[in-house]
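Engineer: One structure is given below, represented as structure tokens, and several questions about it will come after.
The values are calculated or read from the model by the stated rules, or taken from the named source; none is laboratory data. Bear in mind the structure is a predicted one, so any value in this text is a computation, not a measurement. Note that each Cβ is placed from the backbone with ideal geometry, even for glycine, and that neighbours are counted across all protein chains shown. For accessibility, only protein heavy atoms count, side chains too; no ligands or nucleic acids. Shrake-Rupley method; radii C 1.70, N 1.55, O 1.52, S 1.80 Å.
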Amino acid sequence: MRFFKKLWGLLAMIIVAICGGSFVATTQNAQAALQQADYLMIEHAYDWGPAVDQVVIRLDQPVTAQGLNPETFDVTNSNTYIKPTPREVTKAFLSDVNGKAVDSTSSRYITLDMTVGPTIDVARALSYRADSGLSIPVKMQYQIKQKTALHTQSGQTLENIDPVQTDTDVKAPQAKVFEPEKAFTYQDKHFGTVSMNYTTYSPKNNQKHALVIWLHGAGEGGYDNNQVGLYGTNLVDLATNKFQKYFDGGFDILVPQAKTYWMDTRKTDYSNRDDIGGLGQKDTTSADALTQRSKYEDALDSLIQSYLTGHPNVDRDRIYIGGCSNGGYLALRMLVKDPDKYSAVFPICEAYLDKNIRDQDIQNIKDTPIWFTQSKGDQVIDPQQNAIPTYQRLVDAGYKNVHFTLLNGVYDKTGQFNDPDTGQPHQYNDHFSWLNVLDDYPATEYDGTQSKNSDGSDMTVFSWLATQKKATNWK
């Protein structure tokens, strides 16, 4: 009997040694798998608007790069309007919280780079809504599932990481160089209370700066200027050296945002005071509507003067205004209204009807440099009713410093985005001619010839703009 007791005791010790050790290891893995994890979403600006191209997984303990690759996680995302859709992960790496790679052996953050493109709608951070005519930020959700093991520096195995969403905001790092959005209100004697938002950028130096005023299209009105206004047309690039290098001292950027749309001619009253974008009944019959007098034009004058008063280092001989579509209309309208306030103007696919520009207006503005841009096939704004006849009248008036880039379509020129069927560069909507300007592509003349910069390189709208100087009468 004593023998069997000793035998059972020995067997028990063996079982504990084997099974107990296994139990401890299993417990360690389970604890690792149950660690807390969440994720952040990061967007960048592209020709078609902002797209979420990175997610940052945030862990409660550092991991190493061992086993980390594009196949480590499955990623699916959905948004307000699109059901869950698989996303392609192109790169996985240790990073900081902002999605930047780190040169260290471990990190609490893992960034996943994902494929984006003009036809990958689920990656878009904005959605155009026909009811308001606005590009609206969408709520996005990601489902991230771990497929292969990761490891801590102590050798612990991490499995079944399932990050949750704790922050619904999309991070926009390119906008950080711009000032936070501000509100501006103006009491117009004719139109009543006029409200705008605006954001600004100024180079960090003590030199004299030029000023570029950019007026958005109808889809970028409403609210959230730092995401919609800056990212909707990839405007954030204007703050980079790609554009700043052309200008002595660089240039300030003033980006106003209409609460409704620049071509709005309604007087503000109780019934429409809270309208945004294209909501509400449009005015098409008043004298203001028929002559395209904007409710925002005097308010914009006041905002620009306010900015200049607060920024005495802005060179009054280098005040430029431009914009696209609705904003192209107002850029040209502001010149017609006050020809002595702008050193040069660059309207893109502008919507100012030529019939509303008088012969005297042509004479008044013919000394201000202008560069028009539009695509022949624009189905939103007919160039034959707007920019082309205005350009021709300026040429006929003997104006020398007027230019027009008339595009044969709007195509991707990065080499990254092709039509899957033809293999040819992706073709954008022909209304998107602002891409040619904001991507700083060479700008041809109306006859198709290519003008050159002083160094022999192809001229762009912004390289031309930087050479234009004309005294203005701003205070």
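Engineer: Please report, as a whole percent, how much of the solvent-accessible surface of the range 335-475 comes from carbon and sulfur atoms (probe radius 1.4 Å).
Structural biologist: Carbon with sulfur: 45 percent of the solvent-accessible area.
Engineer: Would you calculate the separation in nanometres between label points at ASP458 and LYS147, each defined as 7 Å from the Cα along the Cα-to-beta-carbon direction?
Structural biologist: 4.0 nm
Engineer: Now a separate question. Near LYS204, which aspartates and glutamates are there with a Cα under 18 Å away, not counting those fewer than 8 places off in the same chain?
Structural biologist: In chain and number order, the partners are GLU179, ASP237, ASP248, ASP252, ASP315.
Engineer: Further, regarding this structure: From a point 7 Å beyond the Cα of SER286 in the direction of its Cβ, which residues of the range 178-198 have a backbone N at a distance under 11 Å?
Structural biologist: Label zone hits: 190-193.
Engineer: Could you give me the ³J(HN,Hα) list for the range 366-378, computed from phi with Karplus coefficients 6.51, -1.76, 1.60 and θ = phi - 60°, whole Hz, x at Gly and Pro?
Structural biologist: Working through the residues one at a time gives 5, 9, 9, x, 9, 10, 8, 9, 6, 9, 4, x, 4 Hz.
Engineer: Using a cut-off of 14 Å between beta-carbons, work out the net charge of the residues near GLY323 (Lys and Arg +1, Asp and Glu -1, GLY323 not included).
Structural biologist: That sum, taken over residues with Cβ under 14 Å, equals -2.
Engineer: OK, next. Per q in 0.14, 0.28 Å⁻¹, report the Debye log10 I(q)/I(0) for the range 252-306, using one uniform scatterer on each alpha carbon and no solvent.
Structural biologist: Calculated log10 I(q)/I(0) at the listed q: -0.40, -1.21.
Engineer: Would you tally the net charge around ASN226, using a Cβ to Cβ cut-off of less than 13 Å, leaving ASN226 out, and scoring K and R as +1, D and E as -1?
Structural biologist: Charge balance near ASN226 sits at -3.
Engineer: What net charge do the residues around TYR128 carry, taking every other residue with its C-beta under 12 Å from that of TYR128, with Lys and Arg at +1 and Asp and Glu at -1?
Structural biologist: Neighbourhood net charge equals -1.
Engineer: For the chain, the longest stretch holding no GluC sites (Glu not before Pro) located in a DSSP loop with at most 16 other Cβ atoms within 10 Å is which?
Structural biologist: After excluding every exposed loop site, the longest remaining stretch is 160-444.
Engineer: For the range 322-380, which trypsin sites (Lys or Arg not before Pro) pass both filters: DSSP loop (anything but H, G, I, E, B) and at most 13 other C-beta atoms within 10 Å?
Structural biologist: Within the range 322-380, the qualifying trypsin sites (Lys or Arg not before Pro) (loop, at most 13 other Cβ atoms within 10 Å) are ARG358, LYS376.
Engineer: Residues of the range 262-295 with backbone nitrogen within less than 16 Å of a virtual label 7 Å along the Cα-to-Cβ line of ASP338, please, listed as ranges.
Structural biologist: 294-295
Engineer: To continue, here is another question. Can you give me the P(r) profile for the range 170-255? Cα pairs, bins 10 angstrom wide beginning at 0, each as a whole percent.
Structural biologist: In whole percents, the pair-distance histogram is 16, 45, 29, 10, 0.
Engineer: Another one. Over 18 Å between Cα atoms: which of LYS376/LYS400; LYS400/LYS470; LYS189/LYS282; LYS182/LYS282; LYS83/LYS139 fall into that group?
Structural biologist: LYS376/LYS400; LYS189/LYS282; LYS182/LYS282
Engineer: Equivalent ellipsoid semi-axes for the chain, as square roots of 5 times the alpha carbon gyration tensor eigenvalues: give them largest first, rounded to whole Å.
Structural biologist: 56, 23, 21
Engineer: Follow-up. Could you go through the range 337-352 in sequence order and give the Karplus-derived ³J(HN,Hα) for each residue, using 6.51 cos²θ - 1.76 cosθ + 1.60 with θ = phi - 60°, rounded to whole Hz, and x for Gly and Pro?
Structural biologist: 3J(HN,Hα) across the range 337-352, in whole Hz: 5, 9, x, 8, 9, 9, 7, 6, 9, 10, x, 10, 6, 6, 10, 8.
Engineer: Given a Förster distance of 45 Å, report the FRET efficiency between ASP317 and ASP162 from their Cβ-Cβ distance, rounded to the nearest 0.05.
Structural biologist: That gives a FRET efficiency of 0.15.
Engineer: Okay, next question. What shape does the range 169-211 have by the C-alpha gyration tensor, where a ≥ b ≥ c are the square roots of the eigenvalues, rounded means a/c under 1.5, and otherwise prolate means a/b greater than b/c and oblate the rest?
Structural biologist: Oblate is the answer for the range 169-211, as a/c is 1.5 or above yet b/c matches or exceeds a/b.
Engineer: Only four residue types carry charge here, +1 at the Cβ of Lys and Arg and -1 at the Cβ of Asp and Glu. Report the dipole size of the chain about the Cα centre in Debye, rounded to the nearest 20.
Structural biologist: Dipole size: approximately 1280 debye.
Engineer: Also: With no solvent and one point per C-alpha, what does the Debye sum give as log10 I(q)/I(0) for the range 360-475 at q = 0.20 Å⁻¹?
Structural biologist: Normalising to I(0) and taking log10 leaves -1.18.
Engineer: Measuring from centroid to centroid over Cα atoms, what is the spacing of the range 205-231 and the range 77-107 in Å?
Structural biologist: The distance from the Cα centre of the range 205-231 to that of the range 77-107 comes to 28 Å.
Engineer: Right, another one. Go ahead and run the numbers for FRET between THR240 and ASN418, Cβ-Cβ distance against an R0 of 25 Å, rounding to 0.05.
Structural biologist: It comes out at approximately 0.45.
Engineer: Which FRET efficiency, nearest 0.05, do VAL177 and LYS469 yield, Cβ-Cβ r, R0 25 Å?
Structural biologist: 0.45
Engineer: If you count the DSSP beta bridges with both ends in the chain, what percent of them are antiparallel, to the nearest 5?
Structural biologist: For the chain, the DSSP antiparallel bridge percentage is about 70.
Engineer: Add -39500 (n - 2.57) for each DSSP H run of 4 or more in the chain, then divide by its residues: what number comes out at 222 nm, to the nearest 500 deg cm²/dmol?
Structural biologist: -5500 deg cm²/dmol
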